[in-house]
Amino acid sequence: MILVALIAILFLGGVLAWLSERLDSKLPRVIALAALVLDLVLMLTLLGGDSADGSWIVALNVQWLPRFGISFHLAADGLSVLLLLLTAFLGVIAVGSAWSEITERPGFFYFNLLWTLAGVLGVFTALDLFLFFFFWEVMLIPMYFIIAIWGHENKNYAAMKFFLFTQVTGMLMLVSILTLAYFHYVQFGFFSFDYFDLLNVSTSSTIEMWIMLGFFVAFTTKLPIVPFHSWLPDAHSQAPTAGSVILAGVLLKTGAYGLIRFAVPLFPEASMNFAPIAMALAVLSILYCAKLAFAQTDLKRLIAYTSVSHMGFVLLGVYAWNEIALQGAVMTMLAHGLSAAALFMLAGSLQHRIHTRDMRDMGGFWAKVPRMSAVALFFSIAALGMPGLGNFIGEFLALLGAFSSNLPMTVIATFGLIFASVYSLWVIQKIFHGEYSNSKFDDSHLIDLNRRELAYFGAMILGLVWMGMYPQSFLDLSAAALQELLAGTQELVSTVVQN
Amino acid sequence: MIMTLADLLPLLPLLIVSATAVLVMLQIGIRRSHTVTAAIAVTGLLLATLAAALLMSVTNAQVTPLLIIDQYSLFFTVVCCAAAMFIVILSYPYLARLDDDKDEYYLLLVIATVGAIVMVSSNHFVSTILGLETLSMSLYGMVAYPLHSRHSALYPLEAAVKYLVLSAVSSSFMLFGMALIYAQTGTLAFSSLIDLSSNAAVSLSDSYSIVGLLLLISGMAFKLSLAPFHMWTPDVYEGSPLPATAYLATIGKTAMFVVLLRFVVMTDALSYDAVVIVFSLIAVLSILVGNVLALLQIELKRILAYSSIAHMGYLIIALIASNFAASTISIEAVTFYLLAYMIMSLGAFGVVSVVSSSEKEFDLVSDYQGLFWRDPWLALIFTGMLLSLAGIPLTVGFIGKFYLFFAGVESSLWLLLLVLVVGSGIGLFYYLRIVYRMLLPVPTPPQFPSAAGDRLGSYGVLTILFLLLLLLGVYPAPVMTLIETVSAFI
C-alpha cells in the first residue's frame with residue numbers, strides 16, 4: 001500500500017497545488033514541497049523493513065484489466081528504493097530551485113512537476129509491463145508542459161523534439177511488450193503482462209533479438225545514447241532549471257533502470273549477443289559527447305553533453321552484466337543524478353542573474369561570486385571523477401566490471417575520464433577565472449548564493465561525499481536486488497559467453 | 001409475415017427514435033419553439049438510449065430478415081443515441097442566434113439517428129442501403145442548414161452539394177457491388193462467399209465475388225473517408241455547421257464502420273488475398289495521407305477531418321487482423337476504438353462548437369491562443385481530447401490504441417504496425433501544436449468572448465465526455481468485459 005500512497009500523494013499534491021493557486025500564488029510551492037517531503041519520509045520507512053519475498057521489500061498486486069491479464073503490480077527492491085529516494089530527494093531540490101524562479105502560473109508548474117515525478121515513481125516500481133509503459137508515458141506530457149511553458153527562447157522546438165523522440169520510441173517498446181505478451185499467450189495459454197510471467201517466455205533467438213531491440217531503443221533514447229541523443233541538449237538548454245534538474249537527475253535514470261530491470265533480464269540471450277554493439281555505442285557516446293561538450297559555448301548544452309557522456313558508463317556497466325559493473329552503473333546513476341542536477345542548477349542560477357548562458361561572455365566570476373564559484377568547482381571535480389566523491393566510485397566500478405567482460409572497450413572508455421577532466425576544468429577556467437568584464441551583460445543582479453541555495457547545494461555536496469567516502473551503505477542496499485537479477489539470467493548468459 | 005409484440009420489443013429503441021421524429025414534426029406544425037423542439041429530441045434520444053441499454057442483456061433476435069437486434073447492435077444503438085443526444089445539446093446554443101427557422105434541424109438529426117440505428121442493426125444489403133440513405137439524406141440537410149442565413153461565414157451549399165454528389169456516386173458503387181455479390185450468393189443477406197451453398201443461383205468464378213467486394217468496399221471507403229476516397233472530407237467538414245460536422249464525423253462514420261465490420265466478418269471477404277491487399281493499401285494510405293496533410297492545416301475542422309482519415313486507417317488495421325487470429329480481440333479492438341473515437345472526436349468538436357455559433361465559427365488554431373489562461377476548464381477538456389486522439393495514457397485513446405496494437409501483434413501485421421507507429425508519431429506533432437497554442441500568452445483582445453450562460457448544457461456534455469475519457473483511460477475493465485461479451489455476437 002505504501003507504494004500506492006507514494007504515487008497518490010504526488011498526484012493529489014499536484015492537483016491541490018494547482019487549485020491552491022487561486023488562494024495564494026505562494027501556496028503551490030509549499031504544497032509541492034510538503035508532498036515531496038512526505039514522500040521522502042515514507043520512503044525512509046521502507047529502508048528498515050525486512051524483505052518478505054526474496055529481494056522484494058514491499059509489493060502490491062491487484063487485478064486491473066483482467067481481459068489482458070494486466071494487473072496493478074507495484075513492488076520495490078533495493079534498486080528501486082535507491083532510485084525512489086533519489087527521485088524524492090531531487091524533487092525537493094527541484095522545488096527549491098524553482099522557489100523564486102517560477103513566478104508565472106506557479107500552480108500549473110508545480111502540478112506538472114509533481115505529476116512527472118509521480119510517473120517516475122511509477123516507472124521505478126511497476127512490475128507489470130503494461131503498467132510500466134503507462135507510467136513511462138505519463139511522465140512525458142507534464143514534462144512537455146514544463147519545457148513548453150516555462151522554457152527559454154526556443155522552447156517549442158525543444159519540447160516538441162523531446163516529446164516526439166521519447167513517444168515514438170516508446171511506441172516501439174509497446175509493440176515489443178505486446179509481442180512478448182502474445183508469445184506468453186501462445187506458450188502458456190493465458191494473457192499476462194506480469195514481469196515474472198514474462199520472464200519465463202522463450203522465443204527463437206531472431207525474434208528475441210527484435211523484441212529486445214524495441215526495448216533497447218526506447219531505453220537508450222531516454223538514457224540517452226548516441227545516436228538517439230539529439231533531443232537532450234535542446235531539451236536541457238531550453239528547460240527551466242527545475243525541469244533540467246528533473247530531466248538530468250531522474251528522467252534519464254528511468255532509461256537505465258529499464259535496461260537493468262527489463263531489457264537484459266527478459267532477453268538475456270539476445271542481450272548478451274548484442275552486448276558488444278551496446279558497449280561500442282556506450283564507448284562512442286562517452287568519447288563523442290565529451291568531444292561535443294568541449295565544443296559548446298552554451299553552458300547548459302555543455303552540461304547536457306557531459307550527461308550523455310556519463311550515461312555511457314552506465315550503459316557500459318549494464319551490458320558487462322556482472323555484479324561489480326552493475327553496482328557501478330547504479331552508483332553512477334545516483335551520483336550523476338546529484339552532480340548533473342547541481343551543475344544545471346548552477347547554470348540556471350547564473351542565467352537567472354545575468355540572463356545569458358553564453359560562456360564567451362563570462363569570465364572572472366570568482367571575485368564577484370566566490371561561494372558560487374567554490375560550489376561550481378566542487379561539482380565540476382565531482383563530475384570529472386575525483387576519488388572520494390560518488391561519481392568516481394560509480395565510474396570506477398563500472399569500468400572494473402566491464403574490464404572482465406570486454407577489455408578493449410573498457411580501455412577505450414577509460415579515456416572518457418581524461419576528457420571529462422579537460423572539459424570540466426576548462427569550464428571552471430572559462431567562467432570563474434580570467435578577466436572580469438560586464439560589457440556583454442547586466443551584472444546588477446550578479447549576487448552570490450543565498451541561504452536557500454547554499455542549503456540545497458550543501459545537501460547535494462553531503463550526498464556526493466557520502467557516496468564517495470562510504471559507498472558501502474548504497475552498495476548493500478542494491479546488492480540483493482542485483483544478485484537476484486544476475487542469478488535469474490546466469491545460465492543463459494554463461495552459455496552465450498562460452499560460445 | 002406477422003409481427004407480434006415479441007418481435008416489436010427488440011425494435012423499441014428504433015421505434016422510440018422514429019416516434020420522436022414524428023413528435024418533433026407535429027410539434028413544429030403546431031407551434032414553433034426552439035427550446036421545446038430541442039427538449040423533445042433530447043428526451044426521445046435519452047429514452048431510446050435507456051431502452052437499448054435495458055434490452056441489451058435480454059435480447060438477441062433477428063427481427064424480419066432485415067434487422068439483427070443482438071447485443072452488438074444494441075451496444076452501438078446506445079452509443080449512437082447517446083452521441084446524438086449530446087449533439088442536440090451542443091447544437092442548441094450554436095443555433096440559438098440563427099436568423100432562420102431552427103426547428104427542422106432537430107428533425108433531420110433525429111431521422112439521421114433512425115438511419116444510424118438501422119445501419120448498426122443491419123445484416124442485410126437492403127437494410128444497409130435503407131439505413132445509409134436515411135442517414136445521408138438527413139445529413140445533406142444538416143450540412144446545408146444555415147443556407148438562408150445572411151450572416152453565415154460558411155459555405156454550406158458547396159459542402160452539401162459536394163457531399164451529395166460524391167455520396168450518391170459512392171452509393172451507386174455499393175449497389176453495383178451488392179448486385180454482383182447477389183449474383184454469386186443468391187441472397188441479399190450477408191452470407192459467406194466462401195462456402196457457397198446450393199442456393200447459389202449459378203456458380204460463377206471467384207472474380208465475380210472479388211470485383212463485387214472491391215466495389216462495395218470502395219463505396220464504403222468513400223463514406224468512411226478512407227484514402228484515396230477522402231477528398232471530400234476536409235471541404236465538407238469545413239463548410240458544414242459545427243454540430244453537423246460532429247454528427248457526420250462521429251455517428252456517420254461509426255454506423256458505417258459497424259456495417260463494414262459485420263459485412264467483412266460474415267462474408268469472409270478477407271479470405272481473398274486481393275481484398276486483404278486492398279484493405280492494407282487503404283490503411284497505409286489513410287494513415288499517411290491523413291497525418292501528413294493534417295500537418296499543413298491551420299483550421300481545426302480541417303485538422304480534425306484529416307485526423308479522422310488517419311483514425312479510420314488505424315481501425316482498418318484491426319479489421320484486417322480479424323482474419324488472421326482465432327480470438328475475438330480484433331473485433332473488440334474495433335469496437336473499443338470506435339467507442340473511444342466517438343468520445344474524443346465528439347469532445348474535440350464539442351469544444352470548438354461551444355465557443356462558436358452559427359454566425360461566427362472560431363475555427364482557426366490561432367483563435368485558441370492562451371485558452372489555458374482564459375478558460376482553464378475548457379482548455380483542459382480540449383487538451384484531454386487532443387491527447388486522447390494522439391493516444392497518450394490516462395485517456396481512452398491510449399487504451400484504444402493499445403487494443404489496436406494488440407490486434408496487430410496477434411496477427412503479425414508488422415508492416416502495418418510500423419505504419420501505425422510512424423503515423424501516430426506524425427499525429428503527435430499537430431495535436432501538440434494545438435495544445436502549445438493554448439499555452440501561449442493570451443493575445444489582446446482575446447479572439448472570442450468567454451462562454452455565456454446559455455452554454456451550460458454544452459459545458460455539461462463536455463464534462464461528461466471528459467470524465468468518460470479519463471474513466472475509460474484509467475479503469476476500462478468493466479467496459480472491456482462488456483465489449484468482450486458483445487463482440488462474441490459478430
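Of note:
- Residues (crowded, with 23+ Cβ neighbours inside 10 Å and of a type in the set (Gly, Ala, Ser)) located in the stretch B:113-135: B:Gly115, B:Ala116, B:Ser121, B:Ser122, B:Gly131
- Checklist (1) at pLDDT below 90; (2) touching a Gly at 6+ places or on another chain (Cβ under 6 Å); (3) among the aliphatic types (A, V, I, L, M) applied to A:Ile354, failing item: (2)
- Flag: A:Gly463 does not match the condition of being farther than 30 Å from A:Asn200 by Cβ and surrounded by fewer than 20 Cβ atoms within 10 Å (Cβ to Cβ).
- Every residue from the stretch A:191-223 that is within 12 Å of chain B (Cβ to nearest Cβ) and within 22 Å of the chain's Cα centre (by Cα): A:Gly214, A:Val217, A:Ala218
- Comparison of B:Val118, B:Val114, B:Val165 shows that the only residue that is over 14 Å from B:Ala244 (Cα atoms), hydrophobic (A, V, I, L, M, F, W, C) and either without any contact (Cβ under 8 Å) to a residue 40 or more places away in the chain or out of contact with any Ser or Thr (no Cβ under 6 Å at 6 or more places or on another chain) (or both) is B:Val165.
- Members of the stretch A:63-120 found to be aromatic (Phe, Trp, Tyr) and within 16 Å of A:Ile149 (Cα to Cα), listed by number: A:Phe108, A:Phe109, A:Tyr110, A:Phe111, A:Trp115
- Every listed requirement among (1) in a strand (DSSP E or B); (2) within 14 Å of chain B (Cβ to nearest Cβ) is met by A:Leu19 save one, (1).
- Some residue of the stretch A:51-64 being closer than 20 Å to B:Tyr475 by Cα and of a type in the set (Phe, Trp, Tyr): yes
- Members of the stretch A:465-478 that are in a helix (DSSP H, G or I), modelled with pLDDT of 90 or more and out of contact with any Phe, Trp or Tyr (no Cβ under 8 Å at 6 or more places or on another chain): A:Val465, A:Trp466, A:Met469, A:Gln472, A:Phe474, A:Leu475
- Residues in the stretch B:50-87 that are in contact with a Pro (Cβ under 7 Å, 6 or more places away or on another chain) and over 24 Å from B:Tyr106 (Cβ atoms) were compared, and the one that is surrounded by the fewest Cβ atoms within 10 Å (Cβ to Cβ) is B:Ala61.
- Inside the stretch A:42-85, residues that are among the acidic types (Asp, Glu) and either at pLDDT 90 or above or buried (at least 21 other Cβ atoms within 10 Å of the Cβ) (or both) make up a count of 1.
- Restricting the first member to the stretch A:55-68 and to residues that are within 14 Å of another protein chain (Cβ to nearest Cβ), and the second to residues that are of a type in the set (Val, Ile, Thr), the beta-carbon pairs closer than 7 Å and six or more apart or on different chains are A:Trp64/A:Ile70; A:Arg67/B:Thr481.
- Qualifying positions in the stretch A:10-25 - under 14 Å from A:Asn112 (Cα atoms) and out of contact with any Leu (no Cβ under 6 Å at 6 or more places or on another chain): A:Phe11, A:Leu12, A:Val15, A:Leu16, A:Ala17, A:Trp18, A:Leu19, A:Glu21
- Filtered by the rule that a residue be among the aliphatic types (A, V, I, L, M) and crowded, with 24+ Cβ neighbours inside 10 Å, the stretch B:225-258 gives B:Leu226, B:Ala227, B:Val236, B:Leu242, B:Ala244, B:Ala246, B:Leu248, B:Ala249, B:Ile251, B:Ala255, B:Met256, B:Val258.
- The residues of the stretch B:66-111 that are of a type in the set (A, V, I, L, M, F, W, C) and farther than 21 Å from B:Val461 by Cβ, listed by number, are B:Leu66, B:Leu67, B:Ile68, B:Ile69, B:Leu74, B:Ile111.
- Conditions (1) assigned to a helix (DSSP H, G or I); (2) in the same structural domain as A:Ala383 (by TED's automatic domain parsing); number of the one not met by A:Gly258: (2)
- Every residue from the stretch B:472-481 that is surrounded by fewer than 17 Cβ atoms within 10 Å (Cβ to Cβ), in a helix (DSSP H, G or I) and not small (Gly, Ala, Ser): B:Val474, B:Pro478, B:Thr481
- For the stretch B:391-436, filtered to residues that are farther than 26 Å from A:Phe145 by Cβ and of a type in the set (Val, Ile, Thr), the residue that is modelled with the highest pLDDT is B:Val419.
The values are calculated or read from the model by the stated rules, or taken from the named source; none is laboratory data. Model, not experiment: these values are computed from the prediction. In this analysis, Cβ positions are derived from the backbone assuming ideal geometry, glycine residues included, and neighbour counts consider all displayed protein chains.
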